[in-house]
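Visitor: This is the structure I have questions about; it appears just below.
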Amino acid sequence: MNRETFTLKAVKSPAEKHREPSSNHYFIFNDKNLNHYQDSLLQGIALIQKSLSAAGKPFSGILPQELAAQFNAIDLDQAHDRLADALAEIEELYLNHAVYFHHPHYVAHLNCPIAIPAILAELLLTSINSSVDTWDQSAGGTLIEQKLVDWTAEKIGLGTQAD
């Protein structure tokens, strides 16, 4: 059997080839771009607030083939240079047609209400990027998870040996 070695190379879109190299550092979260992180999150929060306030009904009623046609028209080789442009696209393609389970006119279903502390917890978890499957990758994250699992098991009567 003949073994060949392959080298993977990053492929840049046409938009990336013309972009200043220094602008890409904003996409990787670290302590050097905390202002950009905050500004990006605030823009996202503003868009969510706008979308929730504007949702007059739980769902727009768009047909799958109509929405699929809009997605098929997206050229992923043409990256957005500005966050505002990307958010406008996600508003048009997703938020304007999302199913708003929390809407007062939505009939109860499997999706439970979202608790604001849970949203904040997701933000913290995502921002730190912990992996809670092993202690060496999470430290306190694993202990938080274990504490919540143990507490829940106790509350529903599964006993101390529940896993």
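The values are calculated or read from the model by the stated rules, or taken from the named source; none is laboratory data. Because the structure is predicted, anything quoted here is derived from the model rather than measured. Here the Cβ positions follow ideal geometry from the backbone for every residue, glycine too, while neighbour counts run over all protein chains shown.
Visitor: Please work out which one of (1) among the aliphatic types (A, V, I, L, M); (2) in a helix (DSSP H, G or I); (3) over 30 Å from ASP31 (Cα atoms) is the condition LEU87 fails and give its number.
Guide: (3)
Visitor: Just wondering, is there one or more residues in region 87-98 that are more than 16 Å from the chain's Cα centre (by Cα) and either over 25 Å from LEU41 (Cα atoms) or at pLDDT below 95 (or both)?
Guide: So far as region 87-98 goes, no, none of its residues is more than 16 Å from the chain's Cα centre (by Cα) and either over 25 Å from LEU41 (Cα atoms) or at pLDDT below 95 (or both).
Visitor: Of these, LEU87, LEU125, which one is touching a Gly at 6+ places or on another chain (Cβ under 9 Å) and within 30 Å of ILE144 (Cα to Cα)?
Guide: Working: LEU87 fails: within 30 Å of ILE144 (Cα to Cα).
LEU125 is the lone residue from the list that is touching a Gly at 6+ places or on another chain (Cβ under 9 Å) and within 30 Å of ILE144 (Cα to Cα).
Visitor: Which condition number does VAL99 fail, the rest of (1) in a loop (DSSP other than H, G, I, E, B); (2) exposed (fewer than 11 other Cβ atoms within 10 Å of the Cβ) being met?
Guide: (2)
Visitor: How many residues are surrounded by 11 or more Cβ atoms within 10 Å (Cβ to Cβ), part of a helix (DSSP H, G or I) and either of a type in the set (Asp, Glu) or within 22 Å of the chain's Cα centre (by Cα) (or both) if we restrict to region 129-163?
Guide: Going through region 129-163 one residue at a time, the tally reaches 8.
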